[in-house]
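A quick write-up on the structure given underneath.
What follows draws every value from the coordinates through simple rules; no lab data is involved. Computed from a predicted model, the values in this text were never measured in an experiment. In this analysis, Cβ positions are derived from the backbone assuming ideal geometry, glycine residues included, and neighbour counts consider all displayed protein chains.
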Amino acid sequence: MDKEVDPRVLTVIDEMRLSGPRLTPVEIVAKMGVFDARDKPFEHAWLATGDNVIATIWAEWVNVAANGRWFYLESLDVHHRAGGGERSAQQVQRAKDRLALLKRSHDAGGGFRAVVQTNRIAILEVESNKDAKVSTRVRDDDEWHVASWEPDQKLAVLVRGPRGWAPSEAEVQTARERGNVPQKLSAAAKAADDDKATPEAVQAAALEYVVKHFTGYGYKAENMTGKGFDLEVSNAKGQTLLRVTVKGTAPGVPGFKLSKEETACSTREPLWRLLVVTDAGSGVAQHKIYKPNEINSAPGFDPS
């Protein structure tokens, strides 16, 4: 609701609204290059033409730093709504899709375009009240970027404007207290949380992720663990396409090694590939495939 928005932010939104044509929330996104915007009216992030990421910024959660810069705390907890409560399966998927696009822009070192919006009901009810609707949505002509991505704290910091600045720790903590992201873990709590992420659990999560990835595209992924690779990937005709060794990393399990069998297989098997899943077991897991001569560049690889 407007009354929950910082007056300085609301003033800018009003200026944007009055300076442009009157468009519906969907039309605004469509004109930014999302041609299927009408089919995705309830999404919170979109991939536009030119691989440009567009994301919703809820004005109620925008913070203004001491120097006037805007920043926004993004929760990496896909399962819980702001203020508490479990998300539905559809809401979880929507949150995962949004985070995947934001992570994509972060990993690429680029920015993203934003639509800033206010809502007709209290911000904490946006995902729980069936009457929730957009009050005002405007296109922000200033680029945003992901200034930091902290999966161990389930938090990302989004910043409006040029790179090279980030809010202070005190400003971030003040913003946390508004309730849309988890509170910062204590050192003891973080250590306990990291202890739960055992190498075995991370590896199992990585394998599950990879199997779902390939089968989702219609390929068969057969478990071949113990032969120098984990999965044999084949197409519908039975043709073997890849023999993949899967490794996962996550907070608490930052690295991995290859076994002697895997190393030997990488040199003799032309279809062998290393597939690394980062943030395995989380809603923002991503992967990348490496050829044998690219292993040393894989994040988390320990050659010792």
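Residues of segment 54-94 with an amide N closer than 19 Å to a point placed 7 Å from the Cα of M1 along the Cα-to-Cβ direction: 58-62, 82-84. Only helices enter the 222 nm calculation for the chain: every DSSP H run of n ≥ 4 contributes -39,500 (n - 2.57), and dividing by all residues gives -8500 deg cm²/dmol, rounded to 500.
Charge tally for V126 (other residues, Cβ to Cβ under 9 Å; Lys, Arg +1; Asp, Glu -1): -2.
The local environment of W272, defined by Cβ-Cβ distances under 10 Å, has a net charge of +2 under the rule Lys, Arg +1 and Asp, Glu -1. Rounded, prolate or oblate, given the Cα gyration tensor of segment 50-113, with a/c below 1.5 counting as rounded? Oblate is the answer for segment 50-113, as a/c is 1.5 or above yet b/c matches or exceeds a/b.
Once backbone amide H atoms are built at 1.01 Å from N, R87 has H80, R81 as its partners under 5 Å, excluding neighbours fewer than 5 places away on the same chain. Checking the Cα-Cα distances for K103/K260; K3/K103; K96/K227; K237/K291; K130/K212 against a 27 Å cut-off, the pairs over it are K103/K260; K3/K103; K96/K227; K130/K212. For segment 207-298, chymotrypsin sites (Phe, Trp or Tyr not before Pro) are listed when DSSP marks them as loop and at most 13 other Cβ atoms sit within 10 Å of their Cβ; the list is Y217. Magnitude of the charge dipole for segment 2-184, about its Cα centre and with charges confined to Cβ atoms of Lys, Arg (+1) and Asp, Glu (-1), is about 280 debye. Each other residue within a Cβ distance under 13 Å of F256 adds +1 if Lys or Arg and -1 if Asp or Glu, for a net charge of -2. The calculated FRET efficiency for the pair R17 and I121, based on their C-beta separation and a Förster distance of 22 Å, comes to about 0.70.
Computed 3J(HN,Hα) for segment 18-33, one whole-Hz value per residue from the Karplus formula 6.51 cos²θ - 1.76 cosθ + 1.60 where θ = phi - 60°, is 7, 8, x, x, 7, 10, 6, x, 5, 4, 4, 5, 4, 6, 8, x, glycine and proline marked x.
Let me make sure I get this right: for segment 2-184, a, b and c are the square roots of the gyration tensor eigenvalues over alpha carbons, sorted descending. Under 1.5 in a/c it's rounded, otherwise prolate if a/b > b/c, else oblate. Which is it?
In terms of gyration-tensor shape, rounded.
Would you list, by chain and number, the aspartates and glutamates whose Cα falls below 20 Å from the Cα of K220, excluding same-chain residues fewer than 8 positions away? Filter leaves E208, D230, E232, E269.
The 3J(HN,Hα) values that the Karplus relation (6.51, -1.76, 1.60; θ = phi - 60°) gives for segment 68-81 are, in residue order, x, 6, 8, 9, 9, 8, 9, 6, 9, 8, 7, 8, 10, 6 Hz. Gly and Pro appear as x. Between the helical axis of 89-107 and the longest alpha-carbon principal axis of the chain there is an angle of about 80 degrees. Say each of A166 and N52 gets a label point 7 Å from the Cα, pointing the same way as Cα to Cβ; how far apart are those two points in nm? About 2.7 nm, to one decimal. Each residue of segment 232-238 was assigned a 3J(HN,Hα) from its phi angle through the Karplus curve 6.51 cos²θ - 1.76 cosθ + 1.60 (θ = phi - 60°); the sequence is 9, 9, 9, 8, 5, 8, x Hz, with glycine and proline shown as x.
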